[in-house]
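Encoded as structure tokens, the structure appears first; notes follow it.
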Amino acid sequence: MEEKNDVKRSLLIAIVNSGNTDLVMTAARKAGARGGTISVARGTGNPETAAFYGIVIQPEKELVYMVVENEIKDKVMKQIYDDAGLETQGAGIIFSLPITDAIGLEPFVEKKINGKQ
């Protein structure tokens, strides 16, 4: 496995209004991402905040999870936000988390520890 300080990939999570995952995936692919996983969720919000900002909170949400190389992370995030962000019908947000350990993203090679494998 990779060293914990050698972060090469990030997990991007986009949260959009239900029915808008195509906006996210089209934008992500345009910026170099290869694919994603979609799950259904239900959001909640503060009604006072929604009234203050003049927005309607749609509780039905979809989440799109994508693993991307760090070299393209910012480009993918910006493209998703431009195409599916708060100012669009997707009304989405996106954030990233570093991937410090992963098995299955590339061929697994065990490291020798104390001369043993």
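Residues in segment 101-116 include at least one that is farther than 23 Å from residue 12 by Cβ, assigned to a strand (DSSP E or B) and either at pLDDT 75 or above or charged (D, E, K, R) (or both).
Regarding segment 52-60, can at least one residue be identified that is at pLDDT below 90, of a type outside the set (Lys, Arg) and in a helix (DSSP H, G or I)? Among the residues of segment 52-60, at least one is at pLDDT below 90, of a type outside the set (Lys, Arg) and in a helix (DSSP H, G or I), which makes the answer yes.
Within segment 75-108, work out how many residues are on the phi > 0 side of the Ramachandran plot and either surrounded by fewer than 16 Cβ atoms within 10 Å (Cβ to Cβ) or hydroxyl-bearing (Ser, Thr, Tyr) (or both). So that I can check it myself, show each step before the final result.
First, pick out the residues of segment 75-108 that are on the phi > 0 side of the Ramachandran plot: 91, 104.
From what is left, the residues that are either surrounded by fewer than 16 Cβ atoms within 10 Å (Cβ to Cβ) or hydroxyl-bearing (Ser, Thr, Tyr) (or both) are 104.
Summing the residues that are on the phi > 0 side of the Ramachandran plot and either surrounded by fewer than 16 Cβ atoms within 10 Å (Cβ to Cβ) or hydroxyl-bearing (Ser, Thr, Tyr) (or both) in segment 75-108 gives 1.
Screening segment 4-46 for residues that are assigned to a loop (DSSP other than H, G, I, E, B), touching a residue at least 24 places away in the same chain (Cβ under 8 Å) and of a type in the set (Gly, Ala, Ser) and picking the one that is surrounded by the most Cβ atoms within 10 Å (Cβ to Cβ) gives 33.
Restricting attention to segment 57-78, the residues being over 9 Å from the mean Cα position of the chain (by Cα), under 29 Å from residue 46 (Cβ atoms) and touching a residue at least 40 places away in the same chain (Cβ under 8 Å) number 5.
The values are calculated or read from the model by the stated rules, or taken from the named source; none is laboratory data. Quick caveat: nothing in here was measured; it's all calculated off a predicted structure. All Cβ positions, glycine included, derive from the backbone under ideal geometry; neighbour counts span all protein chains shown.
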